[in-house]
Amino acid sequence: MKVYLKGLTCANCAGKIETAVNALSETRQAEINLVKQTMEVSLSEGTEELGVLQKIEKIVHKFEPDVVVAMENSRAVETAGCSCSHCHEGSREHEDSHALEDDHGHDHGNGEEGEGKKLLIRFGLGGILFLAAFFMSETTWTVPLFLISYGIFGYDVLLRAIKNIARGQVFDENFLMSISTVGAIAIGEMPEAVFVMMFYQIGEAFQDYAVRRSRKSITALLDIRPDSAEVITESGVKRVHPEEVQIGDIILVKAGERIPLDGRVKEGHANLDTAALTGEALPRGVEPGSDVLSGCINLDGNLKVEVTRPFKDSTVMKILEMVENASGKKSKTERFITRFARVYTPVVVGLAVALAVLPPVLGFGEFQMWFGRALIFLVVSCPCALVLSVPLSYFAGIGASSKNGILVKGGGDLDTLCHVSQLVFDKTGTLTKGKFSVVEIEGQEKEELMYLAALGEANSNHPIAEAIVQEYKKTKEISADSAVDYKELGGFGVSYSLNGEQVLLGNHRLMEREKISFKPYQGVGSVVYVAKDGMYMGYIVVADTLKDNCKEALSSLRSMGVHTMTMLTGDRKENAQVMAKELGIDQFYAELLPEDKVRILDEIKGKETGGKVAFVGDGINDAPVLAGADLGVAMGGIGSDAAIEAADVVLMDDDIGKLSVGIRIAKNTRVIVRQNIAFALGIKALVLVLSAVGMATMWMAVFADVGVAVLAILNAMRKK
């Protein structure tokens, strides 16, 4: 069951809602995706969705009365700003008619500009009055100016605190900030009270901006979603929604348009901008026969494309689904911080009460002095710096990865990626291009040799035969009509007649059977020997070639902490050995079946004690291994659907070198998360201790709360 929570941007409040929904007897698990503003709820057996939705709505409105709660396929309504202090009243987000169904809304630029002007006026007027009161000390205008300034900065916080108390919500940041500032005014610390509220509002405005920016960094990918497709019919070109297009339909893609569905080019030549999918700025040329992916932009020329996948299974839809769901898969660190925040605030508030009451009762000073110290505890008690900065760090890491063509499916996967110490590779399609090509031609008459081979292989659909024919067609066209008496020789090769002379194409057993003297090939690849009229002509070697810069990519992975690399392949041992040596791979296993790969991966995982084992593959037979590894990495462009579904990380442009970029982003994200946790807890603990012994001021408490939160958020948003 998917529930939409439009207008929810507060991480702290989201955690409270999640906890309350999980406590319902009708639910087994609930998890909020703050970026997508949705909640996935697993229901107990026999539970009706409508009844649970009503309970969820009550829970949400208990914490956030202005958040719109709706089920999937419900129509959006205009949402008011969240009552939480992270969300400012008056903020409006317009959603199109299917906004709740696919989160494809957009903000009005004028609305954001208007909100910005209101904030400037508010902070400007309040700041002027605060400065006037500060410099007009000990006059009849001082106290009124301070109070007016305080009202400008804090009226909404006070109102929300009163509303929340009426709903039974006491220990939220609105209540804590109201009590601490009103208490400061009561004991005569007027400048401190106004400044605390002013700095708090500045910090909250900045945090609200940070959340919106973080959401946009990921949901900006929604721009690649096509709205229509032009289908070529007998009556002309018809513009329809992509969901209406069927497999086999021919669509027209004009220059400057985005390709709406996956397909194969039937007519036309063009350059495609694939940056939205792969992160690569260099355009890719396509021609008839080239496969094209939805989401790419046609830079020049008109293309006629035959659709090969329905819209729901297209590349663009899979990317959107993976990226939108990524922020909902929380890391262990995020879950810990959420649990910690539930305990931290009540504990600190309890200590504040004890600090205000116990020392005076025990005769260790006046109540006013200890009450002032307790107010500092209240200011420091808000866990915003942790609750907001940690998810933002992961949001930013996932966003940075997606911009580089690396789709990470969740914060937990980003954590695992930074701990990878062993990599296990599939060979074909991962380390190699996955396409056979002619790599060597040996013979006296090489042109004639290629002609004879291409003529004999023209009627075959075997990958080796197709590679030979394609190589010949680079220079000349071929007509198979001149070849007669064509015969397939099972286990040996083929034979045919050309101008009355017999031509033989095949393996070494064919040459030996026909008693033709030849020189055996000893290298890597599949060899085709050619003989004409009983005379040996030479051989052609066809092999799957290494991907460009593959060796450099593996070298960069070692610099990222990967100490062991293993290659698994169903290919011959001789081929695997040569390739492993060329790439500097530590160990290899050859002539494997799919079940062998799973067994070997389990053995490798059992021996690894310090880090994580990642498997990188592309084929449908790799899906079980991808699912069994600590981290599964799939090659997205040529990878099978099953492999991409089973993987935790998808490399969209099939560039193995992007894996080292992903590890670097993951490691940097992990460092930032640790920095934020250590910094926030360290400063708060220091100020709490100093306030208990009377060495901290309200200004220090504000820095420990809002200042630390702002710095932690800035750290979370910096470049990965």
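The values are calculated or read from the model by the stated rules, or taken from the named source; none is laboratory data. Quantities reported herein were computed from a predicted structural model and do not represent experimental measurements. Backbone-built Cβ (ideal geometry, glycine too); neighbour counts: all protein chains shown.
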Condition first: at pLDDT 90 or above and either among the aliphatic types (A, V, I, L, M) or surrounded by fewer than 17 Cβ atoms within 10 Å (Cβ to Cβ) (or both). Now tell me which residues in segment 543-556 satisfy that. 551, 552, 553, 554, 555
Restricting the search to segment 229-249, which residues are in contact with an Asp or Glu (Cβ under 7 Å, 6 or more places away or on another chain) and either in contact (Cβ under 8 Å) with a residue 24 or more places away in the chain or assigned to a loop (DSSP other than H, G, I, E, B) (or both)? 248
Going through segment 527-565 one residue at a time, which ones are hydrophobic (A, V, I, L, M, F, W, C) and within 29 Å of residue 443 (Cβ to Cβ)? 527, 528, 530, 531, 535, 537, 540, 541, 542, 543, 546
Checked 652, 635 against criteria (within 29 Å of the chain's Cα centre (by Cα), farther than 13 Å from residue 426 by Cα, crowded, with 16+ Cβ neighbours inside 10 Å and modelled with pLDDT under 90); the one match is 652
Could you check segment 395-411 and list, in sequence order, the residues that are in contact with a strand residue (DSSP E or B) (Cβ under 7 Å, 6 or more places away or on another chain) and among the hydrophobic types (A, V, I, L, M, F, W, C)? 398, 406, 407, 408
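Yes/no per residue for (1) in a loop (DSSP other than H, G, I, E, B); (2) buried (at least 19 other Cβ atoms within 10 Å of the Cβ); (3) not acidic (Asp, Glu):
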{"position": "558", "(1), (2), (3)": "no, no, yes"}
{"position": "562", "(1), (2), (3)": "yes, yes, yes"}
{"position": "565", "(1), (2), (3)": "no, yes, yes"}
{"position": "585", "(1), (2), (3)": "yes, yes, yes"}
{"position": "597", "(1), (2), (3)": "no, yes, yes"}
{"position": "601", "(1), (2), (3)": "no, yes, yes"}
Of 666, 704, 643, 709, which residue is buried (at least 20 other Cβ atoms within 10 Å of the Cβ), modelled with pLDDT under 80 and part of a helix (DSSP H, G or I)? 643
Is it the case, given these coordinates, that residue 194 is over 26 Å from residue 8 (Cα atoms), modelled with pLDDT of 85 or more and either surrounded by 17 or more Cβ atoms within 10 Å (Cβ to Cβ) or within 26 Å of the chain's Cα centre (by Cα) (or both)? yes
Can you tell me how many residues within segment 514-542 are of a type in the set (Gly, Ala, Ser), farther than 19 Å from residue 466 by Cβ and surrounded by 19 or more Cβ atoms within 10 Å (Cβ to Cβ)? 2
Could you say whether any residue in segment 366-382 is assigned to a loop (DSSP other than H, G, I, E, B) and either among the charged types (D, E, K, R) or more than 40 Å from the chain's Cα centre (by Cα) (or both)? yes
Have a look at 681, 688 and point out the one that is surrounded by fewer than 17 Cβ atoms within 10 Å (Cβ to Cβ) and either at pLDDT below 90 or in a helix (DSSP H, G or I) (or both). 681
Test each condition in (1) out of contact with any Lys or Arg (no Cβ under 6 Å at 6 or more places or on another chain); (2) crowded, with 21+ Cβ neighbours inside 10 Å; (3) touching a residue at least 40 places away in the same chain (Cβ under 8 Å); (4) not small (Gly, Ala, Ser) for residue 511 and report the one that comes out false. (3)
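To keep it simple, each residue is scored yes or no on (1) buried (at least 19 other Cβ atoms within 10 Å of the Cβ); (2) farther than 30 Å from residue 335 by Cβ; (3) among the aliphatic types (A, V, I, L, M).
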| position | (1), (2), (3) |
| --- | --- |
| 406 | yes, no, yes |
| 409 | yes, no, no |
| 414 | yes, no, yes |
| 417 | yes, no, yes |
| 450 | yes, yes, yes |
| 454 | yes, yes, yes |
| 457 | yes, yes, no |
Out of the residues in segment 294-331 that are at pLDDT 75 or above and in a helix (DSSP H, G or I), which is surrounded by the fewest Cβ atoms within 10 Å (Cβ to Cβ)? 312
Qualifying residues in segment 353-372 (those that are closer than 19 Å to residue 188 by Cα and touching a residue at least 24 places away in the same chain (Cβ under 8 Å)) - the one surrounded by the most Cβ atoms within 10 Å (Cβ to Cβ): 372
